[in-house]
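Engineer: Dropping the structure in here first, questions after.
The values are calculated or read from the model by the stated rules, or taken from the named source; none is laboratory data. In this text the structure is predicted, and so the values were computed from the model without any measurement. Every residue, glycine as well, gets a Cβ built from its backbone with ideal geometry; the counts of neighbours run over all protein chains shown. Surface accessibility is based on the protein's heavy atoms, side chains included, excluding ligands, DNA and RNA. Shrake-Rupley method; radii C 1.70, N 1.55, O 1.52, S 1.80 Å.
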Amino acid sequence: MTRDRPLAPSQFVRETIREPGGMRNRAPLVEKSRLAIANGSKSFSAASRLFDRKTRERVWLLYAWCRRCDDLADAQELGGELGDQTDIADRVKHIRVLTQAALDGQPTADPAFDAFGLVASEVGLSMDDADAVIAGFELDAQDWRPRTDADLMQYCWHVAGAVGVMMALVMGVSRNDGDTLDRACDLGLAFQLANIARDVVEDDAAGRCYLPMEWLVEEDIEPGQHTKPHHRQELADMAAKLVAMMEQHGAASRLGAARLPFRSRWAILSAARIYTAIGREVKAKGTTAWDHRVYTSKLQKLGHVAAAFFEAIVNNPQVPDEMPRWRRSDLDQ
């Protein structure tokens, strides 16, 4: 009686080939990432075109991952209306698994994650960098609400400040240049503060509130009632407070932008002008800020890009009288 010989391991087990980008060609990943930013953020898309080609493509690759993670976590499409939030914790776990696989060079079957694996390999991004962002999605999964200013800024760090730091690394800023990375964090914080001010009513409709509970108590607002018509003045006052914080972090960010190469500096200053204009418009509109979504028109974007060009040429940002209270070292815990 003959016995079947066992197959050699090489005959039935094949090790997965590991390659940055999940074995996808770079050009298609860049193109998919370009489309993601063009459809997901017209403001940042406009500014991103000002980078040199290599930096621009890397910025697109990183943005594609950020956009996809946000969409997966919120069950939405390209930042649109929030979907069903009942299984957000599982979706966040999925994001982390795919991100780690992408960093390991494994195919993820998702171009945005493969794009992240590719850009991470090119500029040295790590799972720790990604985890700082993913932690923000976990807060939403826990139905988290900020109690204090510190809680608010911790959230802003995770969902935007940490992204600003990664963007700076993509632009070639050294990890050893802590001050410039701090300023990149400031820009992300400014962007998120503007977003919160603009989207407070939309967030409430989705069952979320990023205004600190202490602010609501100070304004004598009943729980869950901050967007009701009879509290519009109080809401406008809190939005103005968010915009004041935005202005402080935005001013500090310009000190870091001054150290970037000209085209990167121009792009960043353009984005800063476009986003902070949104916050200023919310403040200017006061109680009517949420009657219609605040946005910048194409003509206004061109104006901000032109103004940023001259600001980048002069390259002499004014040092703020007072730097922001909240620093990256306080928030990156």
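Engineer: Looking only at segment 298-327, which residues are among the charged types (D, E, K, R) and open to solvent by less than 50 Å² (accessible area, probe 1.4 Å)?
Structural biologist: LYS301, GLU311
Engineer: Do we find a residue being open to solvent by less than 10 Å² (accessible area, probe 1.4 Å) and either modelled with pLDDT of 95 or more or assigned to a helix (DSSP H, G or I) (or both) anywhere in segment 138-145?
Structural biologist: no
Engineer: Under 7 Å by Cβ, and 6 or more places apart or on different chains, what pairs join a residue from segment 304-333 that is farther than 15 Å from ARG263 by Cβ with one that is part of a loop (DSSP other than H, G, I, E, B) and modelled with pLDDT of 95 or more?
Structural biologist: Note: pairs meeting the criteria are PRO317/ALA258.
Engineer: For the structure I just gave you, tell me whether ARG293 is closer than 27 Å to ARG53 by Cβ and open to solvent by 30 Å² or more (accessible area, probe 1.4 Å).
Structural biologist: Judged against the criteria, ARG293 is not a match.
Engineer: Another question about this same structure. How many residues are open to solvent by 20 Å² or more (accessible area, probe 1.4 Å), at pLDDT 95 or above and outside any loop (DSSP other than H, G, I, E, B) when one looks only at segment 205-258?
Structural biologist: The qualifying residues number 18.
Engineer: Taking segment 156-191 only, how many residues are farther than 15 Å from TYR63 by Cβ, in a helix (DSSP H, G or I) and out of contact with any Asp or Glu (no Cβ under 9 Å at 6 or more places or on another chain)?
Structural biologist: 9
Engineer: Taking segment 60-76 only, how many residues are aliphatic (A, V, I, L, M) and under 12 Å from the mean Cα position of the chain (by Cα)?
Structural biologist: 2
Engineer: In the list GLY124, GLY83, GLY172, which residue meets the criterion of being surrounded by fewer than 19 Cβ atoms within 10 Å (Cβ to Cβ), farther than 23 Å from PRO324 by Cβ and at pLDDT below 90?
Structural biologist: After applying the criteria, what remains is GLY83.
Engineer: Being at pLDDT 95 or above and not hydrophobic (A, V, I, L, M, F, W, C) narrows it down to one residue among THR296, THR287; which is it?
Structural biologist: THR287
Engineer: Checking GLY286 against (1) in contact (Cβ under 8 Å) with a residue 12 or more places away in the chain; (2) over 21 Å from the mean Cα position of the chain (by Cα); (3) open to solvent by 80 Å² or more (accessible area, probe 1.4 Å), which test does it fail?
Structural biologist: (3)
Engineer: Mind listing just one residue for me: the one in segment 182-199 that is among the charged types (D, E, K, R) and open to solvent by 10 Å² or more (accessible area, probe 1.4 Å) and, of those, farthest from GLY286 (Cα to Cα)? Quick ask: steps written out before the conclusion?
Structural biologist: Filtering segment 182-199 for residues among the charged types (D, E, K, R) gives 182-183, 186, 198-199.
Now drop any that are not open to solvent by 10 Å² or more (accessible area, probe 1.4 Å), which leaves 182-183, 198-199.
On the way: ASP182: 31, ARG183: 29, ARG198: 11, ASP199: 14 Å.
That would be ASP182.
Engineer: Now a separate question. Across segment 309-333, what is the number of residues that are under 18 Å from PHE44 (Cβ atoms) and under 21 Å from the mean Cα position of the chain (by Cα)?
Structural biologist: 0
Engineer: Can you find, within segment 41-59, the residue that is farthest from the chain's Cα centre (by Cα) among those that are closer than 20 Å to THR99 by Cα and not basic (Lys, Arg)?
Structural biologist: Applying the filter and picking the extreme gives GLU57.
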